[in-house]
1. Of all the C-alpha pairs in the stretch 1-87, what % are more than 16 Å from each other?
2. Under a point spin-label approximation (7 Å from Cα along Cα-to-Cβ), what is the Thr147-Arg74 distance to one decimal in nm?
3. Heavy atoms only, probe 1.4 angstrom, no DNA, RNA or ligands counted: give me Ser37, Ser42 ranked by accessible area, highest first.
4. Note down, for the stretch 76-152, the three equivalent ellipsoid semi-axes (square root of 5 times each alpha carbon gyration tensor eigenvalue), biggest first, whole angstrom.
5. Quote the FRET efficiency, to the nearest 0.05, computed for Ala33 versus Lys104 with a Förster distance R0 of 35 Å and r equal to the Cβ-Cβ distance.
6. Roughly how many Å² is the accessible area per residue of the stretch 1-128, as a whole number, for a 1.4 Å probe?
7. Springs between alpha-carbon atoms under 10 Å, Gaussian network over the chain: tell me which of Leu35, Leu118, Leu19 tops the mean-square fluctuations.
8. Give me the log10 of I(q) over I(0) for the stretch 1-43 at q = 0.15, 0.23, 0.24, 0.29 Å⁻¹, as the Debye formula computes it from C-alpha points; what are the numbers?
Amino acid sequence: MSEKTTLLAFLRAQRASVLAIVDGLGEEALTTAVLPSGWTPSGMVEHLGDAEWHWFREIVTGAAGPDPGEHAPRTPAEVFAYYREQCRRSDEIFAATPLSATPKGRHPGPLGDEITDLRGVVLHLIEETARHAGHLDVARELLDGRTGLGPR
């Protein structure tokens, strides 16, 4: 298995975990904040969709466009469709870009200095998605007591 294939497999596993953790929650639970941060499960998935858009489209390709964080409120079903679409687009960019490719855009702050190629972008997205999957694990447990969800 190549490094690129391995990285994509780990990113996809984290994405699948996110969706598995929230699977079966009703709209009320998906839009209820149970953590002190105020994040709802639906809001966290939407944030992850925005992260996919930012890192792959804005940073890797340098594409400009509307800030995905400035969209109208979405229903949970719309959020999940948005997340899946952003992941699909990210996978296309990932497949067409060498791991050593320098990003055409730049993330602000110190993190932008640290991420110098596609490899760094995908590693950051794996980390970001895993971190928020952990938040979703806690939220799910607080919402209905279910734990141990996800493919891993």
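The values are calculated or read from the model by the stated rules, or taken from the named source; none is laboratory data. Just so it is clear, the model here is predicted, and its values are computed rather than measured. Cβ placement follows ideal geometry from the backbone for every residue including glycine, while neighbour counts extend to all protein chains displayed. Surface accessibility is based on the protein's heavy atoms, side chains included, excluding ligands, DNA and RNA. Shrake-Rupley method; radii C 1.70, N 1.55, O 1.52, S 1.80 Å.
1. Working: 2173 of 3741 pairs.
Value for the stretch 1-87: 58 percent of Cα pairs lie more than 16 Å apart.
2. 3.1
3. On the way: Ser37 80, Ser42 10 Å².
Largest to smallest exposure gives the sequence Ser37, Ser42.
4. The three semi-axes for the stretch 76-152 are 29, 16, 12 Å.
5. The calculated FRET efficiency here is 0.45.
6. Working: 6420 Å² over 128 residues.
It amounts to 50 Å² per residue over the stretch 1-128.
7. Per the Cα network of the chain with a 10 Å cutoff, Leu35 tops the list.
8. For the stretch 1-43 at q = 0.15, 0.23, 0.24, 0.29 Å⁻¹, log10 I(q)/I(0) is -0.51, -0.77, -0.80, -0.96.
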